[in-house]
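To start, the structure itself, in structure tokens.
The values are calculated or read from the model by the stated rules, or taken from the named source; none is laboratory data. The shown structure was predicted, so the numbers you read here are calculated from the model rather than taken from an experiment. Heads up, the Cβs are rebuilt from the backbone with ideal geometry, glycines too, and the neighbour counts pull from every protein chain shown. For the accessible areas, the whole protein counts, side chains as well, though only heavy atoms, and no ligand, DNA or RNA atoms are used. Shrake-Rupley method; radii C 1.70, N 1.55, O 1.52, S 1.80 Å.
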Amino acid sequence: MAPCSSWSNLPRELIDRIFRRPMDSKDLARCTIVCTNWRNIIVDIWGKKLSLLRPAFKNPSRRILREYEKFQMDPPKGCKARLVESLFHWGAIMIGPQNSLYAGGVFLLNIHFSKKYPFEPPEITFQTKVYHPNIGQDGCLCLERSWCAAMSISNIIRVIYALFSNPDHEDPLDFEIAHIYRTQRIQYEQKARTWTKKYATARQNSAIDWSQFLMDHKILEPQE
């Protein structure tokens with residue numbers, strides 16, 4: 001089945017209805033390589049049976065595939081992930097935790113796995129600008145100290161999510177923000193809220209359509 005841009009632009013409701021019908025596993029696997037949109041919809045529907053989709057991935061890492069399956073079945077609170085270009089490139093979304101400076105914010109992330117994973121940590125960067133001592137101005141994160149091969153991507157996402165509520169100012173990536181956090185807490189809190197309101201919006205550009213996730217979390221109103 002050859003990729004076709006017009007197929008990938010079919011309404012979500014129609015594609016969803018098609019793939020909820022019983023299908024041969026080989027046909028289902030072939031459909032996942034038509035386009036990223038189809039693959040993500042199929043993963044949403046058949047997430048608990050992702051072993052059906054293994055033929056669609058060329059030379060996948062069993063470890064990453066297993067973690068992706070687990071992430072779909074039991075995602076960390078306020079988070080979701082989808083494949084972007086391959087099994088080694090995920091897109092993720094986080095909703096800022098309640099009772100934090102980032103509450104209600106929509107934060108987009110890129111996750112890249114190297115061929116040496118899990119002996120090298122995944123490269124995780126925020127696409128969304130975040131005012132935080134543990135997040136660099138370019139959105140980078142320093143995971144080397146937190147990571148070990150026994151951890152999973154779900155574990156590290158939970159660690160990152162927890163930083164929204166409890167910044168680690170003693171081991172910062174942005175020393176200027178860490179200094180403001182320690183010495184001018186009110187200013188830090190005001191700026192964190194301002195950046196969240198300005199940048200962490202539901203209308204950010206993304207290669208992935210997160211609208212259903214945002215509606216589920218009442219960030220977007222359901223479309224009529």
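Taking the residues in the stretch 174-206 that are assigned to a loop (DSSP other than H, G, I, E, B) and closer than 21 Å to Pro76 by Cβ as candidates, determine which candidate is nearest to the chain's Cα centre (by Cα).
So the residue we want is Ser206.
Checking the conditions here, which among Arg193, Arg203 is closer than 12 Å to His132 by Cα and not β-branched (Val, Ile, Thr)?
Working: Arg203 fails: closer than 12 Å to His132 by Cα.
Being closer than 12 Å to His132 by Cα and not β-branched (Val, Ile, Thr) holds for just one of Arg193, Arg203, which is Arg193.
When the residues of the stretch 160-199 are narrowed to those that are more than 29 Å from Leu65 (Cα to Cα) and among the aliphatic types (A, V, I, L, M), which ends up modelled with the lowest pLDDT?
For the stretch 160-199, the residue satisfying everything is Leu173.
Might you let me know whether the stretch 21-37 holds any residue that is among the aliphatic types (A, V, I, L, M), at pLDDT 95 or above and either open to solvent by less than 50 Å² (accessible area, probe 1.4 Å) or within 30 Å of Ser165 (Cβ to Cβ) (or both)?
No, every residue in the stretch 21-37 fails to be among the aliphatic types (A, V, I, L, M), at pLDDT 95 or above and either open to solvent by less than 50 Å² (accessible area, probe 1.4 Å) or within 30 Å of Ser165 (Cβ to Cβ) (or both).
Tell me whether the stretch 137-159 contains one or more residues that are among the polar types (S, T, N, Q), open to solvent by less than 80 Å² (accessible area, probe 1.4 Å), modelled with pLDDT under 95 and part of a loop (DSSP other than H, G, I, E, B).
Scanning the stretch 137-159 turns up at least one residue that is among the polar types (S, T, N, Q), open to solvent by less than 80 Å² (accessible area, probe 1.4 Å), modelled with pLDDT under 95 and part of a loop (DSSP other than H, G, I, E, B).
Against the definition (surrounded by fewer than 20 Cβ atoms within 10 Å (Cβ to Cβ), within 23 Å of Ile95 (Cβ to Cβ), modelled with pLDDT under 95 and under 16 Å from the mean Cα position of the chain (by Cα)), how does Leu214 come out, yes or no?
For Leu214, the condition - surrounded by fewer than 20 Cβ atoms within 10 Å (Cβ to Cβ), within 23 Å of Ile95 (Cβ to Cβ), modelled with pLDDT under 95 and under 16 Å from the mean Cα position of the chain (by Cα) - is met.
Restrict the check to the stretch 173-195 and report whether at least one residue is closer than 30 Å to Ile41 by Cα and among the β-branched types (Val, Ile, Thr).
no
Within the stretch 171-187, identify whether any single residue is touching a His at 6+ places or on another chain (Cβ under 8 Å), more than 13 Å from Gly104 (Cα to Cα), without any contact (Cβ under 8 Å) to a residue 24 or more places away in the chain and surrounded by fewer than 15 Cβ atoms within 10 Å (Cβ to Cβ), and answer yes or no.
Residues of the stretch 171-187 touching a His at 6+ places or on another chain (Cβ under 8 Å): 174, 177-178, 181-182.
With more than 13 Å from Gly104 (Cα to Cα) added as a condition, the list becomes 174, 177-178, 181-182.
Cutting the leftovers down to without any contact (Cβ under 8 Å) to a residue 24 or more places away in the chain gives us 182.
Add one more test, that the residue is surrounded by fewer than 15 Cβ atoms within 10 Å (Cβ to Cβ), and what stays is 182.
Yes: the stretch 171-187 contains one or more residues that are touching a His at 6+ places or on another chain (Cβ under 8 Å), more than 13 Å from Gly104 (Cα to Cα), without any contact (Cβ under 8 Å) to a residue 24 or more places away in the chain and surrounded by fewer than 15 Cβ atoms within 10 Å (Cβ to Cβ).
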